[in-house]
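Visitor: Structure below; questions to follow.
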Amino acid sequence: MRIDVLTLFPRMFYGVLGESIIKRAISSKKVSVHLHDIRDYTDDKHRKVDSKPFGGGPGMVMGIQPVFETVRSVKKQNPFAKVILMSPQGELLNQKKARCLSAEKGLIVISGHYEGVDERIRQLVDSELSVGDYILTGGELPAMTVIDAVIRLIPGVLGHSESSNVESFSYDLPAGQTGLLEYPQYTRPAAFCGMEAPEILLCGNHKLISRWRKQMSILRTMERRPDLIKNIKQIEMGD
């Protein structure tokens, strides 16, 4: 997969792309990420990309010309890419959406800034995404979130083939319900400062362990995110 990021601050991405799993995914050529400075495409001699909004109002608005030119140029390099605008008005990013995006041939992610973007920019995109009902100083951090969520789901990126299937929001429930939260995890030592791991996890009976994990996952979801389970009574606590 090829991911292109359109931004006013490409250096913000260096740390994220140069560490951990994402770095290894890029090094192994499972994905390539390209950063594009929108200012390089503006026709303003002072490299301005924003203007005051028509009709008045606070702040500045990102103009259409530099974004249009950037998208047009990048599309030639990534012709089958889905164009995404990071926006608080967009569809909320979740695990299901991330998994769908990971199957795309390519992505072009636009990081908005200032008070917003010229409305005509929306004609250039296939979809808008939000990472939550709050406002940040720009679309760079949300774009990083999308990149991380998508890259880790590309086959071969994670060390274990099941790593992305047994985590929060990835369990499938009846009638298309949203996935459960992940069950509690424990590791060595079994006992530490009076705190002990559940005995069932040490019994070696994988069927019992699987049943316990499913029960704990359901209980944790009911306690912390009941909104994820629409019809709790339909879910079997056993296997």
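Visitor: Relative contact order for the chain: what is it in percent, counting Cα pairs under 8 Å that are at least 6 residues apart?
Guide: Once divided by the residue count of the chain, the mean separation gives 18 percent.
Visitor: For region 33-129, just say rounded, prolate or oblate: build the C-alpha gyration tensor, square-root its eigenvalues into a ≥ b ≥ c, call rounded for a/c under 1.5, and beyond that prolate if a/b exceeds b/c, oblate if not.
Guide: Because a/c hits 1.5 or more and a/b fails to exceed b/c, region 33-129 counts as oblate.
Visitor: Can you check what the net charge comes to around Cys100, using other residues whose Cβ is under 13 Å from the Cβ of Cys100 (Lys, Arg +1; Asp, Glu -1)?
Guide: Net of charged neighbours comes to +2.
Visitor: If you don't mind, another one. Between the alpha-carbon centers of region 178-192 and region 196-226, tell me the distance in whole angstrom.
Guide: Between the Cα centres of region 178-192 and region 196-226 lies a distance of 8 Å.
Visitor: Taking amide H positions as placed 1.01 Å from N in the peptide plane, with prolines and chain starts having none, which residues 5 or more places from Ile110, or on another chain, fall under 5 Å of its amide H?
Guide: Those lying under 5 Å, H to H, from Ile110 are Leu6, Ile84, Leu85, Met86.
Visitor: Another question, then. Calculate the tail of P(r) for the chain: the fraction of all Cα-Cα distances greater than 23 Å, expressed in %. Display every interim value, and only then the final one.
Guide: On the way: 16767 of 28441 pairs.
Within the chain, distances greater than 23 Å cover 59 percent of Cα pairs.
Visitor: Per DSSP H run of at least 4 residues, take -39500 (n - 2.57); add these up for the chain, divide by its residues and hand me the 222 nm value, nearest 500 deg cm²/dmol.
Guide: Value at 222 nm, helices only: -8000 deg cm²/dmol.
Visitor: Considering amide H positions built from the backbone, and no H for Pro or chain starts, which residues 5 or more places from Asp50, or on another chain, come under 5 Å of its amide H?
Guide: HN-HN under 5 Å from Asp50: Gly63.
Visitor: Quick check on the chain: of the DSSP beta bridges with both residues there, what percent are antiparallel, nearest 5%?
Guide: Close to 20 percent.
Visitor: Oh, and also: Within 10 Å of each residue's Cβ, count the other Cβ atoms and sort Glu223, Glu69 from fewest upward.
Guide: Numbers: Glu223 9, Glu69 15.
Going from least to most buried by this count: Glu223, Glu69.
Visitor: Please list 3J(HN,Hα) in residue order for region 148-154, calculated via the Karplus relation 6.51 cos²θ - 1.76 cosθ + 1.60 where θ = phi - 60°; whole Hz, with x for glycine and proline.
Guide: 5, 4, 7, 4, 5, 9, 5
Quick note: the coordinates plus some simple rules give every number you see, no bench work behind them. Bear in mind that the values here come from a model prediction, so they are computed numbers and not experimental data. Counting neighbours? That spans all protein chains shown, and the Cβs are built from the backbone with ideal geometry, glycine included.
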